[in-house]
Amino acid sequence: MTSRARQHRSIALGAVAASLVLGGPARADDPPATEVTVHGTRESKTPGSVHVLGEKRLGVFKYDDPTQVLQQVPGVYARGEDGLGLRPNIGLRGVNPDRSKKVTLLEDGIPFGPAPYSAPAAYFFPIMQRMTSVRVVKGPAAIQHGPQTVAGTVEYLTRAIPLGTRAAIDLAAGQYGYGKVHAWAGNGDERLGFLVEGVHLRNDGFKHLASGANTGLAKNEWMAKAFYVLDPDARVRHEFRLKGTYSDETSNETYLGLSTGDFRADPLARYPGSALDRMTWHRTAVALTHVMTASPELTLTTTAYRNDFSRAWRKLNRFRGADIFEVLADPDTPRNAVFASVLRGQDATTSQETLFIGPNERVFVSQGIDSRTRWRPTTGPLSHKIEYGVRLHQDLVDRRHTEDGFVMTGGTLRPEGSPTVTTAFNQARTEALALHAIDALTFDALTVTPGVRVEVVRTTATDKKAGTREAALNHAILPGAAVFYGVLPSLGVLAGVHRGFSPPTPESARDGAELSVNYEAGARFVRGRARAEVVGFYNDYSNLTDYCTESSGCAATGLDRTFSAGAARVYGLEAYVLHDVPVVSGISLPLTGAYTATRSEFLTSFRSGDPILGQVREGDEIPYVPRHTLNASVGVDAKVVLAAVAVNWVSAMRETAGSAPLDQVMATDGFVTLDASATWRPLRWLSVYANLRNLTDEQAIVSRRPFGARPNAPRWAQLGVKATYD
C-alpha cells in the first residue's frame, strides 16, 4: 500500500470514528458504520469481541424494545419485566441483568445512566427509534469506557448531522392502541449544520384491569444537534458541537405480578391491588464538544456533559402484615390465601391487610468532562492506534420514599386515613477520576492491544432520616491486553485478558468493589458479505457483588446496598454468523445467527441479604443467567420488497441461587418467540411496512421479581409508513 493510500485510509477511519462517537456531520465517503469498531479499526481486524448493529439492520424489525435489539448479539441476554423494555434488565457474559446495572451504558460516548456510580440501576433508556447504530463491546476493549468493565459496554449512536438538506417522517399504528410518530430534519455543509429529531410512542397497554383502566404509556423524546467549524481550511481544525435532549414518560406500570396459577389462567391480567401504580419521569441532557484535529493522525476530543433525571413511581410496596412475594409464591396456604384475595379485589377484613402505596421520588444528576486523544503514528514497521483519555465525573441521587395505607373495599383501593410514612430519605454522591490508555500496535497480520484503566472513586452516603453520614475512597488499576492474528486473509484468531471492575455503591463503599480476571479467545472469519465468529470466555471473580434494588425484591433494610458474594466463575461460548447470500441479480437472502451457552458457579458458601441469592452453597449457580440463548433471522431483500422472520429462544433461568434442577425450583419459563416484518418501497422516498411481534402468541413467565409472575408481550401487529426527503 502506498503512503498516499495509507493516508487516505487513516483520514477515512478517523472521520468515521469521530462521527460514531460524537455524532458529527455525515460524509459521503464514510465507510459503512457496521465496518467500524474500537479505535477506528475494522471489525474483521479488531482484537476482541465487538459487534455493531447498523442502521439497515435496526430498520428491518424496527424494535421499540432495546432488549429485542440487543439479543441479536451473542453474549447478551435479558430478564423480562414489563414486556416493553421500559427499564431493561440487560446482562452480558453472566452478570446480573437486574436494571442493567453491571453494564456500561453510553449514548454517543457519554454515560446516560441516571447516576452511573452512585445508583447504577438504569431506570432510563433512550428511545430506540432515535438510534442509527448500536455497538456492543466485550472483553479487554471495555476498559476504554467504564465504570463497569466486568461485562462490557453497550453504546447507542444517534443520527449524524447530514450534509445538505435531509428529512424523514415515520408514522405507525397497531393493536393495543399503539402509536408512533418519528420525524427528523437537518442541514449541513463543511462549516455549519443542525439536526432536530423527535419521537412519540404510546399504547393503551396489553394487560387488563377489571376496572378497564389504561395500563399503557406515553413517551416523548426530542433531540437537537448543531456543529460549527471555525475554519474548514485551517491547518489545525477546530470544531464545536452542541447536543441537547429532552425526554419524558408516563406509564401505568407496576411491580405486582400474579400467582403462578392465576398466570396460567390469564397471563395478561392485573390485580386490582396495582390499580394506582404509575411511573412519571423527566430528563434533560446537554453535551458540548470541542474537536481539535491537528492532522489526519492526531485528534483531541473534549466533551462537557450534564444529565438531569427526576422520577416518581407511585406503586404498591407492601402489606402491613405479610410479604407480597411470599404470598404470591404460595397463595393457597390459609394465611396467604387471605392476603392473595385482597390483591385480587376482595374486601380487607383486618388492619394487617392494609396495602401501602406511595411514590418513590428520586432526583439524579450526572455530569462531567471527558477528554480523549487519538493518535495514529508509525514507528518503523509498526503502526499504532493510540487512545488515552481522562474523565472527571460527578453524580448523585436524592431519594425520598413515602407511602400511605389503602384498604381494598368493593374492588377499589380507598385511603385508610393513617399518617404518611417516610421509608427513605437519603442522598448518595460520587466523585470519580478515570484515566485510560490503549495502543493497538499492528505489524503485518498481527495486532496487539495493551491498555490500562485507573479509577479513583470518592463516595458519600447521607441518611437524612437516621442522621448518619459515611464517606470512603476507593481506587482500582485495571490492565488488559488483546491480540489478533490473521492466519489467512479471511481467517484470524483472537485472545484477550483484562481485569474487570464494578464499583460499590456509596452505601457500601467500605465493603470493596467487584473484581475479576476475564479471559476470551476465539476465531473470526470474514469474506465479502459473510462473517462468522466463535469466542469462548471465562470470568474469574475474586469478589462478585450484587447491588440490591426494589426490582430484585430487596427489603428496605438492604435497599441500594452492595452485597459481596465472594469468589465465583462464569464461562461460556459465543457463536455468531452473518451472511447476505446473493440469489439472482437484485435479490439476496440476509441471514443472521447468534448463540450463547453460559455456565456459572459460586466458589464459596455464604448467606446474603439480597433475596435472589439467599443461602448460597459452594457449587450453586448464579440466578438469572440462562444456559442457552439463540437469535436467528432469515429474509428476502429484493430492493423494492424486504421481508424477514426472526426466532428468539431463551432457556429457563433460576430465580434464586441453587443447584437443583430447574423444574424443581422457582424459575422463569424457557420460551421461543417469532417475529415477522415486511417492507414495501413503491417509490424511492416512500416505504410501507408491517411488523408482527410474537406471531405465535407465546406467553411465558419472564420474571417473578419482585412480586409475582409477569409475562412477555403478546402477539402484536403494527403498520407504518415512512417518507424521506434528500
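The values are calculated or read from the model by the stated rules, or taken from the named source; none is laboratory data. What you are looking at is a predicted structure, and each value in this text was computed from that prediction instead of being measured. Cβ sites come from the backbone with ideal geometry, for glycine too, and all protein chains shown count toward neighbours.
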### Query
Residues of the range 393-427 being of a type outside the set (S, T, N, Q), within 30 Å of the chain's Cα centre (by Cα) and not assigned by TED's automatic domain parsing to the domain that holds Ala287, which ones?
Ala424, Phe425
### Task
All but one of (1) within 30 Å of the chain's Cα centre (by Cα); (2) assigned to a strand (DSSP E or B) hold for Leu328, so report the exception by its number.
(2)
### Task
Just one of (1) at pLDDT below 95; (2) touching a Gly at 6+ places or on another chain (Cβ under 6 Å) trips up Ser295, so point out which.
(2)
## Note on the structure
When restricted to Val640, Val634, Val688, the only residue within 26 Å of Glu574 (Cα to Cα), surrounded by fewer than 16 Cβ atoms within 10 Å (Cβ to Cβ) and of a type outside the set (Gly, Ala, Ser) is Val634
### Query
From Ala434, Ala440, Ala471, which residue is closer than 28 Å to His145 by Cα, of a type outside the set (S, T, N, Q) and touching a helix residue (DSSP H, G or I) at 6+ places or on another chain (Cβ under 7 Å)?
Ala440
### Message
Against the definition (surrounded by 17 or more Cβ atoms within 10 Å (Cβ to Cβ), without any contact (Cβ under 8 Å) to a residue 60 or more places away in the chain and either in the same structural domain as Ser383 (by TED's automatic domain parsing) or farther than 29 Å from Arg561 by Cα (or both)), how does Thr545 come out, yes or no?
### Response
yes
### Residue check, Glu574 closer than 28 Å to Val650 by Cβ and free of Cβ contacts under 8 Å to residues at least 24 places away in the same chain
no
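Table: residues versus (1) in a loop (DSSP other than H, G, I, E, B); (2) within 20 Å of Pro162 (Cβ to Cβ); (3) without any contact (Cβ under 8 Å) to a residue 24 or more places away in the chain.
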site	(1), (2), (3)
Ala183	no, yes, yes
Val196	no, yes, no
Val199	no, yes, no
Gly205	yes, no, no
Ser211	yes, no, no
Asn214	yes, no, no
Asn220	no, no, no
#### Entry: Answer residue from the range 247-295, given it is hydroxyl-bearing (Ser, Thr, Tyr) and assigned to a strand (DSSP E or B) and is farthest from Ile701 (Cα to Cα) among those
Ser295
### Query
When both residues are 6+ apart or on different chains and their Cβ atoms are under 7 Å apart, which pairs have a first residue that lies in the range 526-542 and is acidic (Asp, Glu), and a second that is surrounded by fewer than 19 Cβ atoms within 10 Å (Cβ to Cβ)?
Asp540/Val517; Asp540/Arg569
### Task
Of all residues in the range 371-385, count the ones that are surrounded by fewer than 21 Cβ atoms within 10 Å (Cβ to Cβ) and touching a Leu at 6+ places or on another chain (Cβ under 8 Å).
7
### Message
Please verify whether Asp30 is of a type in the set (Asp, Glu), buried (at least 24 other Cβ atoms within 10 Å of the Cβ) and either within 27 Å of Arg561 (Cα to Cα) or modelled with pLDDT under 50 (or both), treating the condition exactly as stated.
### Response
no
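For (1) among the basic types (Lys, Arg); (2) in contact with a Pro (Cβ under 8 Å, 6 or more places away or on another chain), each residue gets a yes or a no:
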| site | (1), (2) |
| --- | --- |
| Arg306 | yes, no |
| Arg314 | yes, yes |
| Asp323 | no, no |
| Ala329 | no, no |
| Thr333 | no, no |
| Ile357 | no, no |
| Val397 | no, yes |
### Query
How many residues does the range 564-610 contain that are among the small types (Gly, Ala, Ser) and not in a strand (DSSP E or B)?
5
### Task
Read through the list (1) surrounded by fewer than 16 Cβ atoms within 10 Å (Cβ to Cβ); (2) modelled with pLDDT of 95 or more; (3) of a type outside the set (Asp, Glu), then give the number of the only condition that Val397 fails.
(1)
### Which numbered condition Ser341 fails, given (1) of a type in the set (S, T, N, Q); (2) surrounded by fewer than 20 Cβ atoms within 10 Å (Cβ to Cβ); (3) more than 30 Å from Thr289 (Cβ to Cβ); (4) modelled with pLDDT under 95
(4)
### Query
Yes or no: Ala115 within 22 Å of Leu157 (Cβ to Cβ) and in contact (Cβ under 8 Å) with a residue 24 or more places away in the chain?
no
## Note on the structure
A careful count of residues in the range 336-356 that are of a type in the set (A, V, I, L, M) and over 12 Å from Arg320 (Cβ atoms) gives 4
### Query
Looking at Asp663, is it without any contact (Cβ under 8 Å) to a residue 60 or more places away in the chain, assigned by TED's automatic domain parsing to the domain that holds Asp323, exposed (fewer than 15 other Cβ atoms within 10 Å of the Cβ) and on the phi > 0 side of the Ramachandran plot?
no
### Gln72, sole failed condition from (1) touching a Ser or Thr at 6+ places or on another chain (Cβ under 7 Å); (2) closer than 23 Å to Ser552 by Cβ; (3) surrounded by 24 or more Cβ atoms within 10 Å (Cβ to Cβ); (4) of a type outside the set (Gly, Ala, Ser)
(2)
### Message
Anything in the range 284-303 that is in contact (Cβ under 8 Å) with a residue 24 or more places away in the chain and surrounded by fewer than 21 Cβ atoms within 10 Å (Cβ to Cβ)? List them, or say none.
### Response
Thr284, Val286, Leu288, His290, Val291, Met292, Ala294, Pro296, Glu297, Leu298, Leu300, Thr302
### Task
Of the numbered conditions (1) in contact with a helix residue (DSSP H, G or I) (Cβ under 7 Å, 6 or more places away or on another chain); (2) farther than 30 Å from Ala121 by Cβ, Gly496 fails exactly one; give the number of that condition.
(2)
### Query
What do you reckon, is Tyr595 in contact with a Leu (Cβ under 6 Å, 6 or more places away or on another chain) and either farther than 30 Å from Leu316 by Cβ or assigned by TED's automatic domain parsing to the domain that holds Gly512 (or both)?
yes
### Matching entry among Gly146, Gly91, Gly113 (being within 27 Å of Val291 (Cβ to Cβ), of a type in the set (Gly, Ala, Ser) and within 10 Å of the chain's Cα centre (by Cα))
Gly113
### Out of Pro126, Pro88, sole residue that is in a loop (DSSP other than H, G, I, E, B), over 27 Å from Pro47 (Cβ atoms) and free of Cβ contacts under 8 Å to residues at least 40 places away in the same chain
Pro88
